[in-house]
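> Got a structure for you, questions after.
A short reminder: the numbers here are calculations on the coordinates, not readings from a lab. Please read these numbers as outputs of a predicted model, since none were measured by experiment. With ideal geometry, Cβ positions are generated from the backbone for all residues, glycine too; neighbour counts draw on all protein chains shown.
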Amino acid sequence: MTADGAARDAALRNLVERALGWADEHDGIMPIVAAGDPVLRTPADTFDGQLEDALLCRLIDSMRATMKAAPGVGLAAPQVGIPLRLAVLEDSAPVDPDVALARERTPLPFRVIVNPSYTAIGAREASFYEGCLSVPGYQAVVNRSAAIRLQGFDERGEVLDEEVTGWPARIVAHETDHLDGILYLDRAETRSLATHQAVAGLWDQPSPEHAAGALGFRLGSGRRG
Ligand code: ZN
């Protein structure tokens, strides 16, 4: 390792210790960075052991607590100000059966993805409203691949190479995008942009078909109705 590399790793550890120190005084919860902060627009660093196991474990625990408290179904390290390719995911899918069916929203047990990447499998897309803890107050429709190949590692360094479909694929793609400095708004149908109140009041149908007609935006190909 170069002297530069050692200094960078020390700075990163320092950043993590500070974030965790803050969390220790706030019920284990870290503050979530909002859009406009460059950390959300900068590709995160590959994780290559910069944090020792115990520190990584504490960071993951605190990210999980922060995600649950928000509440959210995914949280990427840059969202708590840590520029590392690491994200936590968990979705108990507490939605009504019609919504769950239309959105293929199957439960996603808690998991950690490290240095993830994804590629589309097939051409089918799914178009649904999604939101982001770093863009509070709003949602927008994003056309995403209905099935993806996820590659990377888990928190123990085990290789991941699997097909992920439906809503879990959306979560994996959204969180992995964060690690590349991409926000969901970059991929959204911007005419669909709506406040949480508007979505709850007008566009809470299983699919955003009515919203597309009324607001004038495009739904992806092959979407299940
Ligand atoms: Zn997000």
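> Hey, if you drop one equal point scatterer on each alpha-carbon of the stretch 102-203 and run the Debye formula without solvent, what base-10 log of I(q)/I(0) do you get at q = 0.11 Å⁻¹?
-0.35
> Right, another one. Would you report the distance distribution of C-alpha pairs in the chain as whole percents per 10 angstrom bin, up to the bin with the largest distance?
Per 10 Å bin, starting at zero, the Cα-Cα P(r) for the chain comes out as 8, 32, 36, 18, 6, 1 percent.
> Still on this structure, I have one more. Report the relative contact order of the stretch 121-225, percent, no decimals, based on alpha-carbon pairs under 8 angstrom and at least 6 residues apart.
After rounding, I find 33 percent.
> Right, something else. In debye to the nearest 20, how big a dipole does the stretch 30-119 give about its Cα centre with +1 on each Lys and Arg Cβ and -1 on each Asp and Glu Cβ?
100 debye
> Of Gly137, Leu179, Ala211, which is farthest on the positive side of the dipole of the chain, counting Cα position, with +1 on Lys and Arg Cβ, -1 on Asp and Glu Cβ, and the Cα centre as origin?
With unit charges placed on the Cβ atoms, the residue in question is Ala211.
> Taking 0.36 nm per residue of sequence separation and subtracting the Cα-Cα distance, how much length would be gained by fully extending the chain between Val99 and Gln205, in nm to one decimal?
Using 0.36 nm per residue and subtracting the Cα-Cα distance, I get 37.4 nm.
> Let me ask another. How much net charge surrounds His178 when only other residues with a Cβ under 15 Å from its Cβ are counted (Lys, Arg +1; Asp, Glu -1)?
So the surrounding residues net to -2.
> Residues in the stretch 4-41 near a label at Asp48, defined as backbone nitrogen under 20 Å from the 7 Å Cα→Cβ point?
The answer is 4-16, whose backbone nitrogens lie closer than 20 Å to the label point.
> Output the relative contact order of the stretch 72-128, whole-number percent, from Cα pairs under 8 angstrom with separation of 6+ residues.
31 percent
> Follow-up. What length, rounded to one decimal in nm, is gained on full extension from Asp161 through to Asp4, with 0.36 nm per residue of separation minus their alpha-carbon distance?
So the chain would gain 53.3 nm between Asp161 and Asp4.
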